[in-house]
1. Looking at this structure, is residue A:116 surrounded by fewer than 18 Cβ atoms within 10 Å (Cβ to Cβ), in a helix (DSSP H, G or I) and within 12 Å of another protein chain (Cβ to nearest Cβ)?
2. Within segment B:23-32, does at least one residue satisfy the condition of being over 30 Å from residue B:58 (Cβ atoms) and facing chain A (nearest Cβ under 9 Å)?
3. Restrict the check to segment B:163-185 and report whether at least one residue is within 14 Å of chain A (Cβ to nearest Cβ), in a loop (DSSP other than H, G, I, E, B) and at pLDDT below 95.
4. Taking the criterion of being part of a loop (DSSP other than H, G, I, E, B), in contact with a helix residue (DSSP H, G or I) (Cβ under 8 Å, 6 or more places away or on another chain), farther than 25 Å from residue B:216 by Cα and within 14 Å of chain A (Cβ to nearest Cβ), would at least one residue in segment B:81-89 satisfy it?
5. Which residue pairs have Cβ atoms closer than 8 Å, lie 6 or more positions apart in sequence or on different chains, and pair a first residue in segment B:241-254 that is within 11 Å of chain A (Cβ to nearest Cβ) and exposed (fewer than 12 other Cβ atoms within 10 Å of the Cβ) with a second residue that is assigned to a loop (DSSP other than H, G, I, E, B) and modelled with pLDDT under 90?
6. Could you please let me know if residue B:45 is free of Cβ contacts under 8 Å to residues at least 40 places away in the same chain and out of contact with any helix residue (DSSP H, G or I) (no Cβ under 6 Å at 6 or more places or on another chain)?
7. Return a yes/no flag: does segment B:94-109 have any residue that is modelled with pLDDT of 90 or more, closer than 29 Å to residue B:234 by Cα, out of contact with any strand residue (DSSP E or B) (no Cβ under 9 Å at 6 or more places or on another chain) and surrounded by fewer than 17 Cβ atoms within 10 Å (Cβ to Cβ).
8. Out of segment A:133-144, which residues are in contact with a helix residue (DSSP H, G or I) (Cβ under 7 Å, 6 or more places away or on another chain) and part of a helix (DSSP H, G or I)?
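The values are calculated or read from the model by the stated rules, or taken from the named source; none is laboratory data. Nothing here was measured: the structure is a model prediction, and the numbers come from that model. Note: ideal-geometry Cβ built from the backbone for every residue, glycine included; neighbour counts use all protein chains shown.
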């Protein structure tokens, strides 16, 4: 589809392996005990949405962190084009004693925005989150629904050219879940490049151009959305 | 991230953490003044009144040492936990790790500046006459900052990866306090001990500050150059390790 026609991938993974271990383990030359990802290879092309499917513990979240650059592969390579890549991370660095507005700036800065851009986003965030007067109240006084609204709005307006989404499409109370789901789906269908991790077949069928099936830390199958999801459902 | 963005992040995080910290108490920012006043009062009462060691200006001598030590010690121990405290951030976004000890250093230094103001006020109240020599405190604290930031970088880089070192650090800081002449004048020791203790940059910093404020003497260039040089080495070493281990911190299970 999109990928097949585009000559150069934005992100390219080759035989990527990674394992969590005690941080000092490599320090003292000990072997790490738990292997999260063994051998994963695939490409992401500009403008497409790649779905990653796999059961619990398949290493999907770890994979996103590797693509984002938060973690570094122990073996294999990840090459990235010169684009900004970020996970759609909710409520990063939010502090309960700060107001919604202050947390929105802090969150924006952490997600890579400049201070000017983070401040400029405030109006958009205020409107989208519909927090109204609460935007100037301490974050710690928010209900979980309100926290989700703010967290989503900050991440949504800070998102980069390449967005990595882990499971969550919509968050918060019912109304906001519909609104945020629509926003994400719109982001996916525009020519933004998206890597979407999910174990929900329906979500991927609706949004992904291609699907990579991950099993036991390795690429199991990769290809057309319908084909892979059919095989996955049958497994 | 460009350096301008990183600086924007650092300054806002400094503001955010100070505000969050002050909002936890009713008196808030007033504690910046009250807390040092309290501990200064305690030292004054114990050593000035109780032990009657007012001779040779022991209380001012002590307070200069104690306030400087308080700054150095709190910056370093906050930096030790700076990265682990920000684990939720580190595990989700790519951010240069030196941001966290830098924020800890700036936070503690801002509080320290308030304390320096109080200290100078106390000295004047006590009877010392401020002279232009007191501006010599600026290069002393500048060199000291290099040392404190360097130590903070180094400690923040290593302790999250080998948490066992935290126990050594706590004891090491205590030992360093006793070897920095906070409670005694190292100039009263035998020459070979003086030479040994003056290898410790903290002892040099404290001594230079006392010379300026209490003896109307100094600061001495070579002493400051020594502190700056040690600070620079620590800073480069710490920054190198933070970069080298950059991806290790998000892996740590705690």
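1. In short, yes.
2. yes
3. yes
4. Yes.
5. Close Cβ pairs satisfying both conditions: B:253/A:20; B:253/A:22; B:253/A:23; B:254/B:163.
6. Criteria met by residue B:45.
7. Within segment B:94-109, one or more residues are modelled with pLDDT of 90 or more, closer than 29 Å to residue B:234 by Cα, out of contact with any strand residue (DSSP E or B) (no Cβ under 9 Å at 6 or more places or on another chain) and surrounded by fewer than 17 Cβ atoms within 10 Å (Cβ to Cβ).
8. Answer for segment A:133-144, where residues must be in contact with a helix residue (DSSP H, G or I) (Cβ under 7 Å, 6 or more places away or on another chain) and part of a helix (DSSP H, G or I): A:134, A:135, A:136, A:139.
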